[in-house]
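Following: one structure in structure tokens, then a few remarks.
Taken together, the values in this text are just the output of simple stated rules run on the coordinates, not laboratory data. Treat the numbers as computed from the prediction; the structure is a model and nothing was measured. Here the Cβ is made from the backbone with ideal geometry for all residues, glycine too, and neighbour counts use every protein chain on show.
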Number of protein chains: 2
Amino acid sequence: MDEKKRPHLIIIGGGFGGLTLARALKHAPVDITLIDKANHHLFQPLLYQVATASLSPGNIAMPLRAIFRSQKNVRVLMNRVEYVLAKEKKIRLVSGDEFPYDRLVIAAGARHSYFGHDEWEKNAPGLKNLADALRMRQKILVAFEKAEALVESKGLTGSGALSEENQKELKRLLTFVVVGGGPTGVELAGAIAEIAHNTLKKEFRGIKPDTARVLLVEGAPNLLGAFPGTLGESARKALTKLGVEVRTQSAVKNVMFDAVEVGDELIGASNVFWAAGNTAASLLKTLGTPLDKAGRAIVESDLSLLEYPEISVIGDAAHAIDYATGKPLPGVAPVAIQQGQYLAKKIKAEIQKKPLGAFRYWDKGSMATIGRGRAVAKIGRAHFSGFIAWLMWSFIHIMYLIGFRNRFAVMTLWMYGYLTNSRTVRLITADDL
Amino acid sequence: MDEKKRPHLIIIGGGFGGLTLARALKHAPVDITLIDKANHHLFQPLLYQVATASLSPGNIAMPLRAIFRSQKNVRVLMNRVEYVLAKEKKIRLVSGDEFPYDRLVIAAGARHSYFGHDEWEKNAPGLKNLADALRMRQKILVAFEKAEALVESKGLTGSGALSEENQKELKRLLTFVVVGGGPTGVELAGAIAEIAHNTLKKEFRGIKPDTARVLLVEGAPNLLGAFPGTLGESARKALTKLGVEVRTQSAVKNVMFDAVEVGDELIGASNVFWAAGNTAASLLKTLGTPLDKAGRAIVESDLSLLEYPEISVIGDAAHAIDYATGKPLPGVAPVAIQQGQYLAKKIKAEIQKKPLGAFRYWDKGSMATIGRGRAVAKIGRAHFSGFIAWLMWSFIHIMYLIGFRNRFAVMTLWMYGYLTNSRTVRLITADDL
């Protein structure tokens, strides 16, 4: 790096990793350009609560500019990076503009992976950003409205009972299939079952929302594969209690409009949601360096690229080895946050030409919620499930809503929502059905 | 009405009028079908606060089904009514389904009127529902982001100063024109000026948001034409202080993409918003009964149609005479609410075959806010302006958030937002810029 002027650091992505890094460099002699395609940081672990009408987008997102208002060494740009010209130390935006950097950190995250079947996406949307969540919320709510319209119209027009075709359509509208038994799939299936079986109860005069069918489909033998076996079993029991049909060791063979093929069975469903796999940001392909099967950049023990030590990759975009287990680190917020913290130290050390050891992940535990007041958690060697685990989950998530000035309001709304099961954000805001 | 069975009342529209009516008939021996194209009731007076990022949609909207959950004589349908077949006592949905009624109340509200220039709508959107508000919020925020991208890209690519063409584009991006000097236009212009001149200050490194230009254009000589003259003058002063250019007696001659023609001047502006006129729901045209210039149905003193006494029209869809002034009643929430209350009494009286006098509007006053902590109000013969008027405005609006379980949360967020000027709901949620 040029010693005369302050180095220019470009961070791509304002998620947990990028945000943590930029904030930790507040007093460092470095000029930071943070580029994100959204104008906000998103508290992704609670995204499924927006998709299921418990929280508003404003509760879990915060404008990046507001976060960095008083941090003078950060400039925020809302834009898309299309290409990394690693040899020239430049990035290129979709507009064609090229910015030079001294140091680059790619924290661009991941999108859903459809295992080579990208055509499934339009029928089985996933959940990564606010637009996804609002679309999913709309889809769930509209399904119930359409079902009610079908039944009530029959009654009000006086045209008699539902035909066999109508019955089939009704069943399709009230069948929800969630693909993928990781934390997102488990949380989503639990929340949809609660909407159908509790929240909407008594709100319809024609249909009975609690007859809705919610399926959770997973290819592996257990739910929550990343957790120890007993937690997957607890999750299965809790979901079954909520009325979710859990199907493990079941492969999704095809996703069509209004139907999904699971194993040999064709299930009519107008709502199929995808929580099955991730693929890292496609930007990484432009590096020309080794990627893993999930498209993540393979990084050194200091999170840099072997070929380009001035480029680091963190979070869901990185394939970094956990030295405790020898396996790649999972794509979860605590990994990204710790990598951001480490990289801030690293960049400061580089400027001072001091050495710094390799990155080490400290596993504080993992947890997932299963509907209201129930969760599973692993902390160190201890496993928890039920209400205690849920309280822990709630507390830790709210603690992490750092920088969200409305943390207290979120907590209140959320606890209130859980206690009363109200889900008042059930809004269909798009112009058309 | 048939005395053997309970009469079937269809209410079209779940706004202030329709909602008040349905709730007031809770214990009446009548079966109610409430049809709305949205799934929620909207607290429209605060809609501009969603458009300007102070409140979330969930704060000012409530699912209709949740409101009527325990009112057994109401069924809610989310649908569009296309036609009233008044002679057959039926309504027809867009789906083609026809429902018979014994009694019909049309409370379908109004849309913007472009005075015969419907082609202006795409360049100058108005503000009637949540989708409008979210689109407006997005448009305002994206304008600042695009301006910043223009300036910062020049700096980061090292391609030197802005060209004359760039300067012009920058000016266009940061010019906001609000057409219409009624309460909505005044409130919107004030809020946009606050965003530019206060909220976004210090959040951009390239542009200076406080150089943004906000114009309010009105054809009449005074702002707030429905209010007495002195309040219009107070509003003008307050807006000018906030940095809004107020142009009264100025006609909009054309709205183009990225420009608006005001009088003889062509003003480059990528954000033009419409708050100039209303036209009642087009459904009213299918009645075949007299409408006024604004498309509103002309109703009798009991709010029914002369030709069809079993049909009543209320709220923004009705042209009803105020017996105190001899002029038509304005399209404001208090009128719709009082008409809903009156009609509930009327329908109960009809069932009991009792007479009921004509509708009388009781004017409790009117008010509008002009930015943070400032408002104008008229209550009886007294006029108020400034902070006292704003406190009154806030109190009355929050009082009216009846049925909104999150009333207290809204009040907290809102007061907090006003005090800190934070506007944390500055989210761009659509997928693309």
*May I ask for the angle, rounded to the nearest 10°, between helix B:183-194 and the longest principal axis of chain B, with both axes built from Cα atoms and the value confined to 0 to 90°?*
30 degrees
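Given a Förster distance of 60 angstrom, what is the FRET efficiency for residue B:354 paired with residue B:241, based on the Cβ-Cβ distance and rounded to 0.05? Spell out each step's value before the answer.
Working: r = 55 Å, r/R0 = 0.92.
Working from the Cβ atoms, E equals 0.65.
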*With chain A treated as a Gaussian network of Cα nodes joined by springs under 10 Å, which of A:129, A:166, A:278 yields the largest mean-square fluctuation?*
A:166
*GNM result for chain A, Cα springs below 10 Å: residue of A:140, A:379, A:106 fluctuating most strongly*: A:379
*So, counting K/R as plus one and D/E as minus one, what does the shell of residues with Cβ under 15 Å around residue A:381 add up to?*
+1
*Between rounded, prolate and oblate, where does the range B:152-221 land on the alpha carbon gyration tensor, with a ≥ b ≥ c its root eigenvalues, rounded for a/c under 1.5, else prolate if a/b exceeds b/c?*
oblate
*asked:* Using the Cα centre of chain B as origin and beta-carbon charges of +1 (Lys, Arg) and -1 (Asp, Glu), tell me which of B:177, B:248, B:18 is placed farthest towards the positive end of the dipole.
replied: B:18
*Please check which bits of the range A:114-140 a label hung off residue A:253 would reach, taking the label as a point 7 Å along Cα-to-C-beta and the cut-off as backbone N under 11 Å.*
none
_q = 0.11, 0.22 Å⁻¹: log10 I(q)/I(0) that the Debye formula gives for the range A:221-288, counting C-alpha atoms only_ = -0.41, -1.05
*Relative contact order (percent) for chain B, with alpha-carbon contacts under 8 angstrom and 6 or more residues of separation?*
19 percent
*Compare the peptides B:209-216, B:16-23, B:37-44, B:301-308 by average per-residue count of other Cβ atoms within 10 angstrom and give them in order, highest first.*
B:16-23, B:37-44, B:209-216, B:301-308
*asked:* Can you list residues from other chains, or at least 5 along the same chain, whose modelled amide H is less than 5 Å from the amide H of residue A:82?
replied: A:92, A:93, A:94
*Binned at 5 Å from 0, what are the whole-percent values of the Cα-Cα distance distribution for the range B:1-134, short to long?*
2, 9, 17, 18, 18, 15, 10, 6, 3, 1, 0
*For B:201, B:327, what's the fewest-to-most ordering of other Cβ within 10 Å of each Cβ?*
B:327, B:201
*So, how do all the Cα-to-Cα distances of the protein assembly as shown break down into 20 Å bins, in percent, from 0 on up?*
14, 43, 34, 9, 0
*Just for the protein assembly as shown, what percent of DSSP beta bridges are antiparallel, to the closest 5?*
50 percent
*Quote the relative contact order of the range A:118-275 in percent (integer), defining contacts as alpha-carbon pairs under 8 Å separated by 6+ residues.*
31 percent
*Degrees, to the nearest 10: A:333-351 long Cα axis against longest axis of chain A*: 10 degrees
*Would you work out the charge dipole size for the range B:118-275 about its Cα centre, treating the Cβ of every Lys and Arg as +1 and the Cβ of every Asp and Glu as -1, and quote it to the nearest 20 debye?*
440 debye
*Does chain B classify as rounded, prolate or oblate by the C-alpha gyration tensor (a ≥ b ≥ c root eigenvalues; a/c under 1.5 gives rounded; else a/b over b/c gives prolate, otherwise oblate)?*
prolate
_the protein assembly as shown, dipole about Cα centre (Lys/Arg Cβ +1, Asp/Glu Cβ -1), debye to the nearest 20_ = 2660 debye
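Only four residue types carry charge here, +1 at the Cβ of Lys and Arg and -1 at the Cβ of Asp and Glu. Report the dipole size of chain B about the Cα centre in Debye, rounded to the nearest 20.
With only Lys, Arg, Asp and Glu charged at Cβ, the dipole is about 1560 debye.
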*Taking only Cα atoms, what is the 0 to 90° angle, nearest 10, from helix B:130-157's long axis to the longest principal axis of chain B?*
10 degrees
_Could you tell me which residue out of A:333, B:305, A:277 lies farthest along the dipole of the protein assembly as shown toward its positive end? Charges go on the beta carbon: Lys and Arg +1, Asp and Glu -1, centred on the Cα centre._
A:333
*List the aspartates and glutamates whose Cα lies under 14 Å from the Cα of residue B:364, skipping any in the same chain that are fewer than 8 positions away.*
B:322
*Can you run the Rg to Rh ratio on the range B:118-275? Use alpha carbon positions and the Kirkwood inverse-distance Rh.*
0.99
_Excluding same-chain pairs closer than 8 in sequence, count the lysine pairs in the range A:7-122 whose Cα atoms lie under 27 Å apart._
11
*Among B:332, B:177, B:299, determine the one that fluctuates most according to a GNM of chain B built with springs between C-alpha atoms less than 10 Å apart.*
B:332
*How would you rank B:113-121, B:233-241, B:50-58, A:95-103, highest first, on the average number of other Cβ atoms within 10 Å across their residues?*
B:50-58, B:233-241, A:95-103, B:113-121
*Sum -39500 (n - 2.57) across every DSSP H segment of at least 4 residues in chain A, then divide by the residue count to get the 222 nm mean residue ellipticity, nearest 500.*
-9500 deg cm²/dmol
*Summarise the partner chain shielding of A:140-153 as one whole number: the mean count of Cβ atoms from other chains within 10 Å of each residue's Cβ.*
3
*asked:* For A:361, A:48, which order do you get if you count the other beta carbons within 10 Å of each Cβ and list the fewest first?
replied: A:361, A:48
*Hey, if you put +1 on the Cβ of every Lys and Arg and -1 on every Asp and Glu Cβ in the protein assembly as shown, which of A:64, A:147, B:79 ends up farthest toward the positive end of that dipole?*
A:64
